[in-house]
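In what follows, a structure is listed as structure tokens, so that the remarks can point back to it.
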Amino acid sequence: MHATFEHTTQARPAAAWGAVAAMSLCVAVLIASEFMPVSLLTPIAADLGLSEGQAGQAISISGLFAVVTSLFVAQLTRGIDRKVVLAAFAGLLILSGAIVTFAPSYAVLMLGRALLGVAIGGFWSMSTAIVMRLLPEDAVPRGLAMLNAGNAVAATIAAPLGSFLGDLIGWRGAFFCVVPLALVALVWQWIGMPALPPRNRKAKGNVLLLLRRPQVALGMASMFLLFMGQFALFTYLRPFLEQVADYSVPALSLALLLMGLAGVAGTWSIGHLLHRRLYSVVIAIPLVMAALAAMLVAVASFKLPVAVLLVAWGFFSTAAPVGWGTWLSRVLADDAEAGGGLQVAVIQFAITLGAAGGGLLFDLAGWWATLVLAAVLLLGSALAAWAASIERGHAK
């Protein structure tokens, strides 16, 4: 069966790559939708009569629902064609954008954001497994890089684009811009993607059981520490750059843009290294990021060195998910959908804790403590990845 499927995908590479490109567009719209409220909290709060803190919960609720969905989606959809499942999540993205656009109250706004969280958790959970079925094995890292390039672009432009559109057509108009883009992604995905009947219908419902495998547990621990460290630092870049490095708003925007562009370059550069040096890559990336965090502490008051270090941070941090997605496609090839769900849950939880812990230290001890925390967590990630590589050797 495997040979037949591989022959089929290689016989129609245009259709397979078209489907991956459509998925990349959907990912970009999902991530843009998730982070757009960052720059629109004030007008949302004013229009709906909320505090900015309440409006900010529109971001956290999408993350919460993404975690819950990622843990259960493989089991709940195990008998449904994966093409239909992905289309349903794209449809939820469209519905979410429409609900948020016309939300008359806080409750309706939060409903729309909760649906977005379901779409994010479900789509991301299945993305690696779907790419594995659409492309030959040696092309999977490039396919994952394409998805993460969409992620990097969206994360880069979401906040500034939201701010620009909010001033131009209002916060509701900014959110509505998501709807036609999501509709294009849905139609493109439906046309370009072949039927993908479910494979592992007897998969166990509790994805946490995968942690019984030592290599999986160590890999997930490394991912957890990586994303926790990354977002402990990244979440507070703006106050760091404004208060410590004395960046103006235009300089800050340029630095963030260069970071995003470096991230896109990182996702494309890493692919060819993953075929033979997978574990070397996932060990080296957090080591380099830890060093960059430490160097930021040392040169914090110098604008140009800070900018150079941030560009390097963008290159490595955005490449990291490609490495771990490739790891998942190899270590959990027999249950990639459940593994993808566990991976998304781990990452979302890590982002939440990293942002909260970094913020607590930023307020209590100062900016340097947040950067030190990030460096320590990233060192832990490298150690866990090294342990996973050792366990892989033992398993052989």
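Within segment 110-140, the residues that satisfy the criterion of being at pLDDT below 85 and more than 19 Å from GLU337 (Cβ to Cβ) are ASP138, ALA139.
Pairing residues of segment 254-274 that are more than 18 Å from VAL288 (Cα to Cα) with residues that are aromatic (Phe, Trp, Tyr), at Cβ distances under 7 Å and at least 6 apart in sequence or on separate chains, gives ALA255/TYR247.
Taking segment 150-166 as the region of interest, how many residues are modelled with pLDDT of 80 or more and surrounded by fewer than 19 Cβ atoms within 10 Å (Cβ to Cβ)? Matching residues across segment 150-166 total 0.
Results for (1) crowded, with 20+ Cβ neighbours inside 10 Å; (2) over 18 Å from LEU226 (Cα atoms), shown as yes or no for each residue.
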site	(1), (2)
VAL249	no, yes
GLY266	yes, no
ILE270	yes, no
ILE283	yes, no
ALA294	no, no
ALA320	yes, no
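The requirement of being under 15 Å from GLY122 (Cα atoms) and either at pLDDT below 75 or of a type outside the set (Val, Ile, Thr) (or both) is not satisfied by SER39.
The values are calculated or read from the model by the stated rules, or taken from the named source; none is laboratory data. This one's a predicted model, so the numbers in the text were calculated from it and none came from an experiment. Neighbour counts are summed over all protein chains in view; Cβ atoms, including those assigned to glycine, are modelled from backbone coordinates with ideal geometry.
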